[in-house]
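What follows is a set of notes on a single structure, which appears directly below.
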Amino acid sequence: MFLDILFMVDSFILGLSTGSACLLTCGMVMFPYLLAGSADVWRITADLSIFFLTRLTVYFLLATASWYFGQVLFMNPVVKSIVPGILYIVFAVMLIWYSISRKRQLQCPSGFVTTIDNRRLIPILLGVVNSIGFCPALFIILTKGASESTLVQSYKAFLAFFIGSSLWFLPLPLAGKIRKKKVLQTIGILATGLAGIIFIIKGITSLIGGLINE
Amino acid sequence: MKKLKMITGITWAFAGLILMFILFPGMNNLSMSVSKLPFMKINPNYNGGVVAKQIVEASCTLDIRKPVFDGLLKERKSGFVQIDWRGTVPDNIVDTIDYDLDEIPDFTITIDRIKSTTSINAMSSKVLNIGVSTPTSYGWAVRVNLKK
Amino acid sequence: MNNNLVSTSMEKSFGKSLLYTLPMFLITFIFISGGKVDFSNLPAALAIVVTFLFMNILYFMMHYTGKTDKFRVILFIIFALSLSFTLIKNMMEMRHSMSFSQADLLECKIPFCHLVIPMMIIPAAFTKSIIFPGSVIGGFADISSMIILWLVATLVLGRGFCAWGCFYGGWDDGFSRFRKKSVIKKISESWRWMPFAVLFMVALTAAMTLGPTYCDWICPFKAVTEFEQISSVESVAKAVVFISLFLSLVVVLPVLTKKRTQCSFLCPMGAVNSLSNKITPFVVKIDKKACSECFKCVQVCPLFALTKEDVKNGKASVFCSKCGKCVDVCSKNAIHFGIKGVPAGTMKNFSRNLFLFVSFLFISVFSAGSIINAVQSIFKLLF
Ligand code: SF4
Ligand code: SF4
């Protein structure tokens, strides 16, 4: 019962735990560009909205694509349990590794926006880069999208992930004022590791389910 | 300013001392007041929810509780209904239950208390399976899993 | 210089120490025995007298020797052991097993512990109910009493609760003192934020599932209290988690690191108590003028609460449990119990006396019930 409910909300939890670390690495890079040259609240809101909309659009595209591939590749119900089970475990281990490794790359992939001249493009580009960044959490959610039985469920998973991770970006205009950035980042990274554990359990459950049905 | 801070600090420390003094002798009253706070009741997912219908028989009472679907913000898609047999419960129980009180039977439950076996015959598509079936201090309790 | 030869100014003469112990003696006598001891039940009366005298001797020694942690830890460990003993004894008498049954869950008869509090806040706000199968009031370890006890303790002592009140902390505190020297020395300070991450995750999952996630799936102390009956694959998995976390974080790692690893790296309540350290009146301060920067205090702190920066800044971090280990080890008497707002290096004796009185009163009265119970059982066994 507990696991059933937990696995219903795991995408949101994953988004929420990784979102904090994500904001505090990428957010800090994005912040000056989103707000550059304008103190206008409307402008900030517009830029943030475009950023969110871009992320949401990319996630819906990814949800559709992952579900489609899941349908094509995992036609056999046993394969549909075993392959995602293995993928969950692998990506969750990567996520935990990312959270505890000292050598982890905290550099944000969106750093390249510094080189772009067109200011209007910046929130869109940031939205795209932020949603398709090379991140184990995204791989996990792609796996989830692929193993859902209906497209709507895949959308729901991505939407929950989007909402969870976006919550952290809402106070972005205040990011410069957050005092304990380093502490929040550390907690966020450690929480990401713990979210990884949930997906390892999910992976193991899915694997056992698949093997029993075999 | 320094002096003010100092006085505030020391006053707070003495307030702590007084709090500690009150704590143990006042424990009963304090906990009684806490227990009256609006959120101090056990969630239906744990206590089984309120009794919706009671059927009184000669030696045994049957309580059908209100189905529990409680979630954080809204009701969940799946839940359970708890049935309690209180008093002198027979060794073999066979009861047909209408949990949603629509006058249409929803399931029949059969319990063999000696062998500790329970089976269910669902008559409604909303009835899933047995969640818990256990002897209790007051008799026997069963939770039947449901969907909305 | 030989540290043993340096006297700490916290020491008191025999007479003065007795005088300081007298109020504690009287108050604990009234609080513990209700003002009278019934000698018609001899083992029970003896257990009360022994416990009460033993506690007051410890308190006297704190004043007489000027050492805090050395005597605190004795009571703290005995509290942890006797509580587990009492709980297990109750369970064995009532149910002939250390596990609770489905019926106990359904009838809401599970003893409540303070570790549930951080998980019940969000659900209580949204559902106006408690997500725990315990008794709201009345019975053993009811929810209302535990909330009040913890609330007052955390308000007054902050994370001091973790050295003067928690009936679990004594386990890893005890194991962290097994060896003279640590085997594992280098541990990144970042890990001390782990309890906040755990708090974040358990609060979130508890809210989403309306279940006390930490108790259900993580709590290492289930291994020495009570846990779910082994009746399914899920319950086996849980038991494996409880026992392995207990062995690793409460036994093996504390022995190897000389740190309280469970409390430093896992317990979500530790995180909440650290937050309340921000409001509590008592703190551990460092008199920078007296400090020789030997950093012995940093080395001995069992909760990673002191870094070299903290010492240079003149106060322990929010992780401090006011256990007094660092204070005991400081040969310059530079690190001391203090009161917020009072400058470091001043009113040291006053602050320590006040803090000791408050914290010792809490632990002695809170622990008395289970210690008396354990002592009584030992008497019954012996005579
Ligand atoms: S950290 Fe947790 S287990 Fe340790 S003493 Fe504090 S509340 Fe108790
Ligand atoms: S700083 Fe000192 S008093 Fe605080 S936890 Fe560490 S050793 Fe104990």
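The values are calculated or read from the model by the stated rules, or taken from the named source; none is laboratory data. The model shown is predicted, which means the values in this text are computed figures rather than measured ones. Cβ atoms come from the backbone with ideal geometry, glycine included; neighbour counts cover every protein chain shown. These accessible areas exclude ligands, DNA and RNA; they are computed on the full protein's heavy atoms, side chains included. Shrake-Rupley method; radii C 1.70, N 1.55, O 1.52, S 1.80 Å.
Some observations on this one:
- Within segment C:276-315, considering residues that are of a type in the set (Lys, Arg), within 13 Å of ligand 2 (Cβ to nearest atom) and within 14 Å of another protein chain (Cβ to nearest Cβ), the one most open to solvent (accessible area, probe 1.4 Å): C:Lys315
- Within segment C:319-335, restricting attention to residues that are open to solvent by less than 10 Å² (accessible area, probe 1.4 Å) and more than 20 Å from the chain's Cα centre (by Cα), the residue that is farthest from ligand 1 (Cβ to nearest atom) is C:Ala334.
- C:Ile243 vs. criteria assigned to a loop (DSSP other than H, G, I, E, B), away from ligand 2 (no atom under 15 Å from the Cβ) and surrounded by fewer than 23 Cβ atoms within 10 Å (Cβ to Cβ): no
- Out of C:Lys181, C:Lys185, one residue alone is away from ligand 1 (no atom under 16 Å from the Cβ), modelled with pLDDT under 90 and open to solvent by 30 Å² or more (accessible area, probe 1.4 Å). It is C:Lys185.
- Those helices (runs of 4 or more DSSP H) of segment C:144-239 that lie entirely within it include none in which at least 1 residues are away from chain A (no Cβ under 12 Å) and at positive phi.
- Evaluation of B:Leu72 against (1) open to solvent by 10 Å² or more (accessible area, probe 1.4 Å); (2) touching a residue at least 12 places away in the same chain (Cβ under 8 Å); (3) of a type in the set (A, V, I, L, M, F, W, C) (one fails), failing number: (2)
- Number of positions in segment B:109-121 that are of a type outside the set (Asp, Glu) and exposed (fewer than 15 other Cβ atoms within 10 Å of the Cβ): 7
- Output for segment C:155-173, where each listed residue is away from ligand 1 (no atom under 12 Å from the Cβ) and either over 14 Å from C:Val272 (Cβ atoms) or open to solvent by less than 10 Å² (accessible area, probe 1.4 Å) (or both): C:Val156
- Test: residue in segment B:63-72 that is within 8 Å of chain C (Cβ to nearest Cβ) and among the hydrophobic types (A, V, I, L, M, F, W, C): yes
- Residues that are of a type in the set (Phe, Trp, Tyr) number at least 1 in the following strands (runs of 3 or more DSSP E) confined to segment B:50-148: B:78-87, B:107-112, B:139-147.
- Criterion: within 18 Å of B:Phe24 (Cα to Cα), more than 16 Å from ligand 2 (Cβ to nearest atom), in a loop (DSSP other than H, G, I, E, B) and not assigned by TED's automatic domain parsing to the domain that holds C:Val318 - qualifying residue of C:Gly134, C:Gly138: C:Gly138
- Cβ-Cβ under 7 Å pairs, at least 6 apart or on other chains, segment C:353-365 side within 8 Å of chain B (Cβ to nearest Cβ), far side among the β-branched types (Val, Ile, Thr) and open to solvent by less than 10 Å² (accessible area, probe 1.4 Å): C:Val358/C:Val156; C:Val365/C:Thr28
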